[in-house]
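**Q** Pasting in a structure now, in structure tokens, and then I'll have a few things to ask.
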Amino acid sequence: MGLYLGIDGGGTKTKVALMNENDKIVYTCVSGPSSIDTVDLKTTKQAFIDALKPYFNSHPNDKINAAFVGLGGIVFDHDCSNVEDLVKELPYLNEDAVIVARNDMENALYSGGCFEEGISLICGTGMVAFGKDKNKSHKSAGWGYKEGELGSGFHLGREAIRYAIRAFDGRYEKDEFSIEVANTIGLTTATDIIPIMDDYYGNRTKTASLAPIVTKYANKNNEFAKRIVDLATDESALAVRGVYNNINLRNKTLVIIGSLGNALGYYKDELHRKIKLIDPHINIIKPIFDPADAAALMAKKLKK
């Protein structure tokens with residue numbers, strides 16, 4: 001059977017979807033991280049193999065006709081080429097299979113049914129806004145954790161650590177928020193600060209795992225948690241504005257992807273409010289398709 005492969009890979013997990021000629025998803029599987037700014041290419045390839053191998057062990061005669069791979073961390077043309085070459089090494093492809101790799105912001109846009117134009121905003125481990133109209137595309141933010149990835153789970157986690165450190169060295173009074181962060185990261189005395197920063201700040205996924213603590217206390221009206229969320233939502237909305245101002249949209253649809261951007265509570269409420277300040281006519285939606293399913297749909301379009 002001829003199949004179309006969609007891959008959605010980030011800093012936390014990779015999801016693959018296989019679609020048949022009738023647009024039916026026949027297989028999905030989740031494996032480890034594959035974002036190329038989080039792991040090396042060898043690990044990326046293994047994530048693909050881990051997710052696909054169970055299907056092809058059971059269906060050895062099936063082959064992939066085309067694949068669209070959306071990965072975090074892809075920035076340059078050579079990044080696309082490196083990932084495409086990696087996929088071509090997989091033993092599951094037809095000889096004439098079409099392989100395209102792009103940043104995961106593109107299949108994020110497709111997940112809203114916006115294959116021709118629209119804006120996507122990823123708010124998860126990382127944060128990036130991407131949009132396209134009939135003639136061009138534009139990206140804002142999403143330049144990696146060294147730039148700060150403001151608005152992302154990484155950003156929230158990093159600021160949570162900073163807040164806990166300041167509370168534990170006496171700059172702030174300890175509160176429930178700082179104590180929960182400290183307990184999670186193993187901070188008991190001020191002398192723990194240096195190894196904790198070394199451990200967390202270089203580990204994008206681990207730092208982002210602290211984001212739910214921030215949103216939890218923002219929802220409880222904690223002043224400092226809300227300050228962190230206020231800055232994060234400012235930055236996410238700013239990224240949307242950067243895209244909005246650089247493309248000419250007829251279809252003013254914005255799809256928000258990621259657990260951070262779609263979780264009920266203060267973060268989502270503030271993010272939506274600030275996006276509407278850019279243009280009240282922007283239609284904010286959740287994904288219609290899973291991003292991996294959307295990538296599979298795009299793979300089929302590539303073969304036509």
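**Q** For the range 250-265, which positions are in contact with a helix residue (DSSP H, G or I) (Cβ under 9 Å, 6 or more places away or on another chain), more than 17 Å from residue 127 (Cβ to Cβ) and not in a loop (DSSP other than H, G, I, E, B)?
**A** Within the range 250-265, no residue meets the criteria.
**Q** Next question. Within the range 31-42, is even one residue closer than 28 Å to residue 149 by Cβ and in a strand (DSSP E or B)?
**A** yes
**Q** What number of residues within the range 173-216 satisfy the criterion of being charged (D, E, K, R), farther than 29 Å from residue 36 by Cα and in a helix (DSSP H, G or I)?
**A** Count: 4.
**Q** Quick check on this structure: which one of 28, 44, 38 is surrounded by fewer than 18 Cβ atoms within 10 Å (Cβ to Cβ) and either in the same structural domain as residue 93 (by TED's automatic domain parsing) or not charged (D, E, K, R) (or both)?
**A** Answer to the selection: 28.
One line per residue, one yes/no per condition, for (1) surrounded by 20 or more Cβ atoms within 10 Å (Cβ to Cβ); (2) in contact with a strand residue (DSSP E or B) (Cβ under 7 Å, 6 or more places away or on another chain); (3) not assigned by TED's automatic domain parsing to the domain that holds residue 13:
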position	(1), (2), (3)
175	no, no, yes
189	no, no, yes
208	yes, no, yes
212	no, no, yes
236	yes, yes, yes
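**Q** Report the residue count in the range 127-160 for those that are farther than 21 Å from residue 252 by Cα, charged (D, E, K, R) and surrounded by 16 or more Cβ atoms within 10 Å (Cβ to Cβ).
**A** Qualifying residue count for the region: 3.
**Q** Another question about this same structure. For residue 129, indicate whether it is in the same structural domain as residue 239 (by TED's automatic domain parsing) and touching a strand residue (DSSP E or B) at 6+ places or on another chain (Cβ under 7 Å).
**A** Considered against the rule, which asks whether it is in the same structural domain as residue 239 (by TED's automatic domain parsing) and touching a strand residue (DSSP E or B) at 6+ places or on another chain (Cβ under 7 Å), residue 129 comes out as yes.
Matching residues to (1) touching a residue at least 60 places away in the same chain (Cβ under 8 Å); (2) not polar (S, T, N, Q):
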| position | (1), (2) |
| --- | --- |
| 256 | yes, yes |
| 259 | yes, no |
| 274 | no, yes |
| 278 | no, yes |
| 290 | yes, yes |
| 293 | yes, yes |
| 300 | yes, yes |
| 303 | yes, yes |
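**Q** Now for a separate question. Hey, does the range 9-16 have a residue that's assigned to a helix (DSSP H, G or I), closer than 15 Å to residue 296 by Cβ and modelled with pLDDT of 95 or more?
**A** no
**Q** Restricting the range 217-234 to residues that are assigned to a helix (DSSP H, G or I) and surrounded by fewer than 17 Cβ atoms within 10 Å (Cβ to Cβ), which is farthest from the chain's Cα centre (by Cα)? Write out each step before concluding.
**A** Let us first name the residues in the range 217-234 that are assigned to a helix (DSSP H, G or I), namely 217-219, 223-234.
This time we only want the ones that are surrounded by fewer than 17 Cβ atoms within 10 Å (Cβ to Cβ), so: 223, 227, 230-231, 234.
Values: 223: 27, 227: 23, 230: 20, 231: 19, 234: 18 Å.
If we take residues in the range 217-234 being assigned to a helix (DSSP H, G or I) and surrounded by fewer than 17 Cβ atoms within 10 Å (Cβ to Cβ), then 223 is farthest from the chain's Cα centre (by Cα).
Residue-wise test of (1) under 18 Å from residue 116 (Cα atoms); (2) touching an Asp or Glu at 6+ places or on another chain (Cβ under 7 Å); (3) of a type in the set (Ser, Thr, Tyr); (4) surrounded by fewer than 18 Cβ atoms within 10 Å (Cβ to Cβ).
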{"position": "241", "(1), (2), (3), (4)": "no, no, no, yes"}
{"position": "264", "(1), (2), (3), (4)": "no, no, no, yes"}
{"position": "280", "(1), (2), (3), (4)": "no, no, no, yes"}
{"position": "286", "(1), (2), (3), (4)": "yes, no, no, yes"}
{"position": "290", "(1), (2), (3), (4)": "yes, no, no, no"}
{"position": "299", "(1), (2), (3), (4)": "yes, no, no, no"}
{"position": "302", "(1), (2), (3), (4)": "yes, no, no, yes"}
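**Q** Still on this model: Pull out all pairs, ordered by first then second residue, where Cβ-Cβ is under 9 Å, the residues are six or more apart or on different chains, the first lies in the range 92-104 and is closer than 30 Å to residue 129 by Cβ, and the second is of a type in the set (Ser, Thr, Tyr) and surrounded by fewer than 21 Cβ atoms within 10 Å (Cβ to Cβ).
**A** 101/81
**Q** Something else now. May I ask you to list pairs of residues, at least six apart or on different chains, whose Cβ atoms are under 9 Å apart, with the first in the range 167-191 being at negative phi and the second being of a type in the set (S, T, N, Q) and in a loop (DSSP other than H, G, I, E, B)?
**A** 168/188; 168/189; 175/222; 176/222; 177/222; 182/188; 184/209
**Q** Could you tell me how many of the residues in the range 90-142 are among the polar types (S, T, N, Q) and not in a strand (DSSP E or B)?
**A** Start the filter on the range 90-142 by keeping residues that are among the polar types (S, T, N, Q), which leaves 94, 103, 107, 111, 120, 125, 135, 137, 140.
This time we only want the ones that are not in a strand (DSSP E or B), so: 107, 111, 125, 135.
Looking only at that region, the number is 4.
Matching residues to (1) surrounded by fewer than 20 Cβ atoms within 10 Å (Cβ to Cβ); (2) closer than 20 Å to residue 125 by Cβ; (3) small (Gly, Ala, Ser):
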residue	(1), (2), (3)
1	yes, no, no
16	no, yes, no
66	no, no, yes
90	yes, no, no
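**Q** I'd like the full set of residues that are out of contact with any strand residue (DSSP E or B) (no Cβ under 8 Å at 6 or more places or on another chain) and farther than 15 Å from residue 74 by Cα, limited to the range 2-41.
**A** 12, 22, 23, 24
**Q** What residue, of 103, 82, is among the polar types (S, T, N, Q) and in contact with a Lys or Arg (Cβ under 8 Å, 6 or more places away or on another chain)?
**A** 103
The values are calculated or read from the model by the stated rules, or taken from the named source; none is laboratory data. Predicted model only: the values in this text are computed from it and were never measured. Counting neighbours? That spans all protein chains shown, and the Cβs are built from the backbone with ideal geometry, glycine included.
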